[in-house]
Amino acid sequence: MPALAFVCAVAILCLVLAILQYRWIATVSEAERDRLRADLDRQIKLLTDEFNTRLNALRGLVPQPSEIDSLGVETAYLRRWQRFDKKSFVKRAAVAIRVDDRLELHRLDSSFKLFDWPEDWSDLREQMIARLSDRGGGSMTENEPSLIEYPRFGKDGREHEWLVIEISIEYTRNVLLPELIRQRFGSAPEFDLQIVFEKGPSLVLFGAGRDRMPDASGRLFEVQYGGPPGPHAGRWVLNAWRTAGPLDDVVNRAKYLNLTVSTTIFLMISAAAWALLQYTRKAYRLADVQMNFVAGISHELRTPLSVIATAAYNLRGRVAQNPAQVEKYGALIQDEADKLTGIVEQVLLYAGSKAGHVIRQREPVLLDAIIAESVQSSRTLFDKANCVVETRIEDHLPVILGDAMALRQVIKNLINNAVKYGTEGGNWVGIFASSNEDRSQVEVRVADRGPGIPLQEQEHIFDAFYRGRQAIADQIHGTGLGLNLVKQIIEAHEGTISVRSDPGHGAEFVIRIPAAAPQYQDEFSHTFG
Ligand code: ADP
């Protein structure tokens, strides 16, 4: 079946696409994560570079040897200091000078006064004193969070004096870093920062920490003495956390969003393909049913037509002289013509129902009258089938609003079916009408004791053109339109129709139609007493 193959192909294609899409999304997420991470790393690097540049501008406070030679130590340092314009970055500055075996500390401000070693510089002092007798090298402040010492070497290659600078943590924290961050990232950065002292992370220099791994890290406070920076230079560690949550979370969220969208599209395509298959099947089935109808109706028409033709032929011949025979053939022609009319009427009714004219105007009607008329007009049918009709109709049925002609057609169709299909087991047809307790609806049941309707056919018998398997096999006349018309008419009356059938034990069609509004009931009771 080509439709099925098509749907299978679409499903396989969708599956392949889904797998490709899934892989693609994974790759894209990976790339997106790398991009975001690299971006953050780059931003952090720019920030730390900027800070380190500011920091290393302090080296400009150390005079050149030529300046010392021409101006002397004191004037050379003081002049440098006076010209220095970032004084608030410096909390304290001093020059430690080697005088023979002693160490003199001069405050670097406008004075150059001798200066007692501050308590918190004591480690540095001890190292420097050791350095006096020893030719060691390297930084003496690398374990200090905010102290820097810049040595100046004499011609003998020994350290003559040191410029000692203690940078201002307050200024760094409250002015410099906020300014750098604002310059680089604007007023609403996408991440929170914390800066701690590497050798003692409990010393927080800036910001607040988070309880998860940082998304990016960098180093600050990278003191340059002239040579290139070491591999892990930088005494402060900077950690950055994205405010939007961990990088993985952000990327995963995007990934799941992508996946949800693709899954939804995938499901929609599958649903569309499935619906297409259903529609195609339905169309096939309908085409099939219509073909059957055309074949069936032609057959239906042919039988009465050939009977009529034969009867007419006979009437023109010998039979014409015999009045009894004429009467017989006349009745035959009438019968067959009635059958033809019935078929044509049903087809016309069906065509009318498709155009939306299943019933005409609705007016107050009494179902008992309609049932009585229908039974009466089916009298010959019952007699021919040798069939007992049992009618039980409740007194004073509520009035309904309906199209009397259409309703007669309903009852007639049901009676016809009961006789056609249901008079094998026992020749009995029952017609019952009653109202419910609060008289809000009328129920009509048409029952027979025939073979009933197989379970799998019960849901189809109300479809247009549908004929039961047994009906076709037994060549029982019909168009397959009767029950469809019945259902359409009942539904046009806001009613329902259902079938109860225990195969082998007859069938019972149950119609329920809502009663008319109370004012109609009263009107009718006056009219009819
Ligand atoms: P038709 O009688 O022209 O075939 P209907 O729409 O009236 O068309 O009925 C559809 C089918 O329902 C019938 O072909 C038959 O198989 C089944 N059917 C209807 N009424 C009965 C019944 N009383 N007992 C058993 N089968 C029935």
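Would you say VAL175 is among the β-branched types (Val, Ile, Thr) and surrounded by fewer than 16 Cβ atoms within 10 Å (Cβ to Cβ)? It would help to see each step written out before you state the result.
Values: among the β-branched types (Val, Ile, Thr): yes; surrounded by fewer than 16 Cβ atoms within 10 Å (Cβ to Cβ): yes.
Against the criterion (among the β-branched types (Val, Ile, Thr) and surrounded by fewer than 16 Cβ atoms within 10 Å (Cβ to Cβ)), VAL175 qualifies.
Checked against the criteria, ASP383 does not count as under 23 Å from SER440 (Cβ atoms), of a type in the set (Asp, Glu) and either within 16 Å of the ligand (Cβ to nearest atom) or not in a strand (DSSP E or B) (or both).
Can you find, within the range 390-419, the residue that is surrounded by the most Cβ atoms within 10 Å (Cβ to Cβ) among those that are near the ligand (Cβ under 9 Å from one of its atoms) and among the aliphatic types (A, V, I, L, M)? I'd like the intermediate steps shown before the answer.
As a first pass, look at the range 390-419 and keep what is near the ligand (Cβ under 9 Å from one of its atoms): 413-414, 416-419.
Remaining after also requiring among the aliphatic types (A, V, I, L, M): 414, 418-419.
On the way: LEU414: 26, ALA418: 29, VAL419: 20.
Applying the filter and picking the extreme gives ALA418.
In a residue-by-residue description of the range 130-150, the property of being β-branched (Val, Ile, Thr) and either out of contact with any strand residue (DSSP E or B) (no Cβ under 7 Å at 6 or more places or on another chain) or surrounded by fewer than 16 Cβ atoms within 10 Å (Cβ to Cβ) (or both) applies to no position.
Which one of LYS412, LYS339, LYS420 is closer than 24 Å to ALA309 by Cα and among the basic types (Lys, Arg)? Steps first, please.
Values: LYS412 fails: closer than 24 Å to ALA309 by Cα; LYS420 fails: closer than 24 Å to ALA309 by Cα.
Just one listed residue meets the conditions, LYS339.
Here the range 182-212 is the region considered, the condition is being closer than 13 Å to ALA240 by Cβ and of a type in the set (Asp, Glu), and the residue that is surrounded by the most Cβ atoms within 10 Å (Cβ to Cβ) is ASP192. When you look at GLU327, is it part of a helix (DSSP H, G or I), loosely packed, with under 11 Cβ neighbours inside 10 Å and out of contact with any His (no Cβ under 9 Å at 6 or more places or on another chain), yes or no? Answer is yes for this residue.
Restricting to the range 48-78, name every residue that is in contact (Cβ under 8 Å) with a residue 24 or more places away in the chain, part of a helix (DSSP H, G or I) and more than 60 Å from the chain's Cα centre (by Cα). First the steps, then the outcome.
Let us first name the residues in the range 48-78 that are in contact (Cβ under 8 Å) with a residue 24 or more places away in the chain, namely 48, 50-52, 54-63, 65, 68, 73-74, 77-78.
Filter again for part of a helix (DSSP H, G or I), leaving 48, 50-52, 54-61, 65, 68, 73-74, 77-78.
LEU58, ARG59, GLY60, LEU61, PRO65, ILE68, VAL73, GLU74, TYR77, LEU78, listed by residue number.
Which members of the range 337-384 meet the condition of being among the small types (Gly, Ala, Ser) and within 27 Å of HIS396 (Cβ to Cβ)? ALA369, ALA372, SER374, SER377, SER378 - these are the residues of the range 337-384 that are among the small types (Gly, Ala, Ser) and within 27 Å of HIS396 (Cβ to Cβ). In the set (1) closer than 24 Å to GLU491 by Cα; (2) buried (at least 20 other Cβ atoms within 10 Å of the Cβ), GLY422 fails one condition alone, (1). Return a yes/no flag: does the range 413-420 have any residue that is within 55 Å of the chain's Cα centre (by Cα), among the charged types (D, E, K, R) and modelled with pLDDT of 90 or more. The answer is yes, given that some residue of the range 413-420 is within 55 Å of the chain's Cα centre (by Cα), among the charged types (D, E, K, R) and modelled with pLDDT of 90 or more.
A single member of SER133, SER139, SER187 is in the same structural domain as GLY72 (by TED's automatic domain parsing), out of contact with any Ser or Thr (no Cβ under 9 Å at 6 or more places or on another chain), polar (S, T, N, Q) and over 24 Å from ALA76 (Cα atoms), and it is SER133. Taking (1) assigned to a helix (DSSP H, G or I); (2) under 53 Å from the mean Cα position of the chain (by Cα); (3) not β-branched (Val, Ile, Thr) in turn, ASP368 satisfies each apart from (2). Taking the conditions exactly as written (closer than 19 Å to PRO189 by Cβ and outside the structural domain of ASN258 (by TED's automatic domain parsing)), does GLU30 satisfy them or not? So GLU30 fails the test.
The values are calculated or read from the model by the stated rules, or taken from the named source; none is laboratory data. Bear in mind that the values here come from a model prediction, so they are computed numbers and not experimental data. When we count neighbours, we look across all protein chains shown, and the Cβ atoms used for this are built from the backbone with ideal geometry, even at glycine.
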